[in-house]
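Have a look at the structure below, then the notes.
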Amino acid sequence: MDLSYYFYTDFQTREEIDEFLLAQARKAVEDHAHLKFSRQKESEEGEGDTLDFSCKSFWVSTNLSFVTDTAKEFDLDVNFCLWISVYPSGGARFIQFIGNYL
C-alpha cells in the first residue's frame, strides 16, 4: 500500500519525524527486539531522506520532502509530504500501526 501524507508540523528536523514514526511502530509491535530500522541521508536539509523499518507484521519505507512551493501554489497549510510504502506480512499489528500513525 502506498500513501502520500501531506501535513504541517512544528518538528524542526527529519530525525524528529523519524522518531515519531518509530514510536508509532513501537506501539504496534509487542516485541521491540524484532523491530529493525535503517536510515539513509540524501541531503543536509533532510529532503529525500529515507527511513525503513520492519517487524514480523509489516515493512515500511518512507521518504520525506519539503512542499513549501506546493503549499504556496495551492494555498495549503502544509510543510512536508511523507511518502510511505507499507507491506503487510499478516496480523493485526499492521492495522494498529496505520491507526496509530493516522
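The values are calculated or read from the model by the stated rules, or taken from the named source; none is laboratory data. Note that the coordinates shown come from a computational prediction; the quantities given were computed from them, not determined experimentally. Positions of Cβ are generated from backbone atoms using ideal geometry, with glycine treated the same way; all protein chains shown enter the neighbour counts. Please note that ligands, DNA and RNA were not included when accessible areas were found on the heavy atoms of the full protein model with its side chains. Shrake-Rupley method; radii C 1.70, N 1.55, O 1.52, S 1.80 Å.
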- Query: Of the accessible area of the chain, with the probe set at 1.4 angstrom, what percent is carbon plus sulfur?
  - Reply: 51 percent
- Over the chain, with neighbouring protein chains present, the accessible area per residue in Å² at probe 1.4 Å is 61 Å²
- Message: Net charge around I84, counting only other residues with Cβ within less than 11 Å of its Cβ (Lys, Arg = +1; Asp, Glu = -1)?
- Response: -2
- Item | FRET E, pair T50, K27, Förster distance 25 Å, beta-carbon r, rounded to 0.05 | 0.70
- Query: Which value, in debye to the nearest 20, gives the size of the charge dipole of segment 1-96 about its Cα centre, when Lys and Arg are +1 and Asp and Glu are -1 at the Cβ?
  - Reply: 660 debye
- Sorting F74, N63, F37 by the position of each Cα along the dipole of the chain (Lys, Arg +1; Asp, Glu -1; all at Cβ), the one nearest the positive end of that ordering is F37
- Item | Debye equation applied to the C-alpha atoms of the chain, log10 I(q)/I(0) at 0.12, 0.13, 0.18 Å⁻¹ | -0.40, -0.47, -0.85
- To the nearest 10 degrees, how steeply does helix 14-28 sit against the main Cα axis of the chain, on a 0 to 90 scale? 30 degrees
- When only DSSP loop residues count, what trypsin sites (Lys or Arg not before Pro) in segment 1-79 have their Cβ near at most 16 other Cβ atoms within 10 Å? K41, K56
